[in-house]
Amino acid sequence: MRAPVRIVHLGLGGFFRAHQAWYTGAAPDAGRWGIAAFTGRSRGLADDLARQDGRYTLIVRGPSHDEMAVQEAVVKALPGTDTAAWSAHLALPEVAVVTLTVTESAYAEGGVVARRLVDGLAARRAAGAGPLAVVSCDNLPRNGSRTADVVTALAASTDPALAPWIRDSVSFVDTMVDRITPRTRPEDVEVVLAETGWADAVPVVTEPFTEWVLSGDFPAGRPAWDARFVDDVHPYETRKLLLLNGGHSLLAYAGSARGHETIAAAVADPVCRGWLDDWWDEAARYVPLPAGDVLAYRKALLERFANPRIRHTLAQIAADGSQKVPIRALPVVRGERAAGRVPVGGVRILAAWIDHLRGIGAPVKDAGAAAYRERAGSARDVLTLLAPDLATDEVLLAEIRKALR
């Protein structure tokens, strides 16, 4: 018998299945916590998973070998276009948790996250289904607080009675999530078939490392996840956003410009490795954790990045740079300039991203890039749009221009 649905998820992709679904399936009370997972928009993955009753193979790919296990936490896979099913599931009193893995741009005011949650929470209120927790698992600072802001703002503008109910009945949990999960390739499907005999259409490849840090209340309960629960997630999300995600963005733009295709190939390049160290030296100043912890994290990141069997493509990471660069690079650039220092690592990220906008390196795949591409011929014009407060910093602009290809 499958677990009853008590969690609803939006954003049925590889990362969710390698991370939150894995944590739920590994919990000692997993038999009480099934997940109904919705795609963002398309229905292809939902249909494939539904044909497999939600089951899929998780391939944990270490430096020397794979470990495979069938995951069963997803008990329903549904297309995001089925808005009636979404609202119906959130109206179930037994549902206690909603998790999200979408994109940074989905958190815009009136965007996908706000619309989906307002619709679902309105249905829950009408059904008298009680409180629940909303858990954003996207790479945004204070992601729970951001979710609360956009949801309550839209609720207040559409249904004045709904916003107070949300404030009283819904907890928005801040999180930091970490597990490198590259796109599944046809070869991975073949490996699963050869090793297990099962023609799994939608396996997921991930690394051995995983981390989940959460801060917030769960008024209707939660699984006994083997995660870290803290009063403030900010130090951990800052560590990850600046060191891992910022390092990824640096290698995605600068590494692809040097002809590399994957993180492992880029970090093996001494030039890219030097640029990465420059960035980490700067970014570490803004991580509010003990220096020893930061050094240990950097060492672990190098081992993870260097895993040659994790094919994490630079093109995948380079996508949506207009949403990622502001939160991954600009806090450090601003901090360094305020301290009177030239942010060598930060300059490299900004210059490499401008080169990317000009057609160098990984292809541009970014719905928000059009205005930046129109201005990419001028570093000042790009900065004016990206960070107006930095656009008149002549020292910074001169360094960016020198770093451009």
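When you count, for each residue, the other Cβ atoms within 10 Å and take the mean per peptide, how do 18-30, 215-227 rank with the highest first? All intermediate terms of the calculation are to be shown ahead of the outcome.
Details: 18-30: 20.2, 215-227: 17.2.
Peptide ranking by packing, descending: 18-30, 215-227.
Quick one: which residues, 5 or more positions from residue 174 or on another chain, have an amide H under 5 Å from its amide H? H modelled 1.01 Å from N in the peptide plane, none for Pro or chain starts.
144, 215
Using only alpha carbon pairs under 8 Å that are at least six residues apart, calculate the relative contact order of segment 5-232 and give it in whole percent.
Result for segment 5-232 is 24 percent.
Packing-wise, with mean Cβ within 10 Å as the measure, how do 156-167, 179-190 rank, highest first?
179-190, 156-167
Quick one: check the C-alpha center-to-center distance for segment 368-405 versus segment 264-296, whole angstrom.
24
On a straight-distance basis, which lysines could pair with residue 324 in a cross-link, Cα separation under 27 angstrom, same-chain partners fewer than 8 positions away excluded?
240, 299, 365, 402
With the cut-off at 23 Å, report for segment 4-151 the share of all Cα pairs above it, as a whole percent.
When all Cα pairs of segment 4-151 are counted, 34 percent exceed 23 Å.
Relative to the longest principal Cα axis of the chain, at what angle does helix 112-127 sit, 0 to 90 degrees, rounded to 10?
The angle comes out near 20 degrees.
Quick check: the angle from helix 394-403's long axis to the longest principal axis of the chain, C-alpha only, nearest 10 degrees?
90
If I histogram all Cα-Cα distances within segment 238-403 using bins 5 Å wide from 0, what percent of pairs lands in each bin?
1, 10, 19, 23, 21, 15, 8, 3, 0
How far is helix 143-158 tilted, in degrees, relative to the longest principal axis of the Cα atoms in the chain, given as a value from 0 to 90 rounded to the nearest 10?
Here the helix axis deviates by roughly 60 degrees.
If packing is taken as the mean number of other Cβ atoms within 10 Å per residue, what is the order of 395-404, 250-259, highest first?
Result, highest mean Cβ count within 10 Å first: 250-259, 395-404.
If we count other beta carbons within 10 Å of each Cβ, what is the order of 38, 15, fewest first?
Lowest to highest Cβ neighbour count: 15, 38.
Can you pull a Stokes-Einstein diffusion coefficient for segment 201-269 at 37 °C (0.692 mPa s), Rh from Kirkwood over Cα pairs, as a whole number of µm²/s?
Once the numbers are plugged in, D ends up at 217 µm²/s.
Output the relative contact order of segment 238-403, whole-number percent, from Cα pairs under 8 angstrom with separation of 6+ residues.
28
Bear in mind that the values in this text are calculations on the coordinates, not laboratory data. The shown structure was predicted, so the numbers you read here are calculated from the model rather than taken from an experiment. Neighbour counts run over all protein chains shown; Cβ positions are idealised from the backbone, glycine included.
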